[in-house]
Amino acid sequence: MSSRITPWLRGALKPQTALDLANGHLENARKAKSSEVALTFCKDAETALARIRKSVRETFVSSSSDEDRVLCNEIATTHFELGKLLDGAGYHTKAQDSYKNEKQWR
């Protein structure tokens, strides 16, 4: 059964799905009692966001649709929030990567 699930776990995600997953992971990271658990949730959020294909991001960012622009801003904000959590945990290089990704969605 795991062989059927594995490809899905590695494949691309639709932007809204990735955003929902990432925000859920960040919420759990904020509530975590230990920094190790919080960091694991941050990594999961980062992975979810990374599963949006670059070509899809470029299409959404260049779109003039209000709905697409709202989604891009929400994804950018999630990257920023991830950066803040990583920065606060002392992972400054990873935080900078997240801030860079935020700008790519604006």
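We did not get these values from a lab; they are worked out from the coordinates using the rules stated. From a predicted model like this one, the values you see are computed outputs, not experimental measurements. Backbone-built Cβ (ideal geometry, glycine too); neighbour counts: all protein chains shown.
Count the lysine pairs in the chain that are 8 or more places apart or on different chains: how many have C-alpha atoms under 23 angstrom apart?
22
Taking loop as defined by DSSP and a crowding limit of 10 other beta carbons within 10 Å, which trypsin sites (Lys or Arg not before Pro) in the stretch 11-75 fit?
33
Looking only at 77, 93, 40, which one moves most when the chain is put into a Gaussian network model with springs between Cα atoms under 10 Å?
Between 77, 93, 40, it is 93 that shows the largest mean-square fluctuation.
For the stretch 48-103, just say rounded, prolate or oblate: build the C-alpha gyration tensor, square-root its eigenvalues into a ≥ b ≥ c, call rounded for a/c under 1.5, and beyond that prolate if a/b exceeds b/c, oblate if not.
prolate
By how many nm would the segment from residue 12 to residue 31 grow when fully extended, if each residue of separation counts as 0.36 nm and the alpha-carbon distance is taken off?
Result for the pair: 4.1 nm of gain on full extension.
At q = 0.10, 0.13, 0.17, 0.23 Å⁻¹, work out log10 I(q)/I(0) for the chain with the Debye formula, treating every Cα as an identical point scatterer and leaving solvent out; two decimals please.
Listed by q, the Debye log ratios stand at -0.28, -0.47, -0.77, -1.19.
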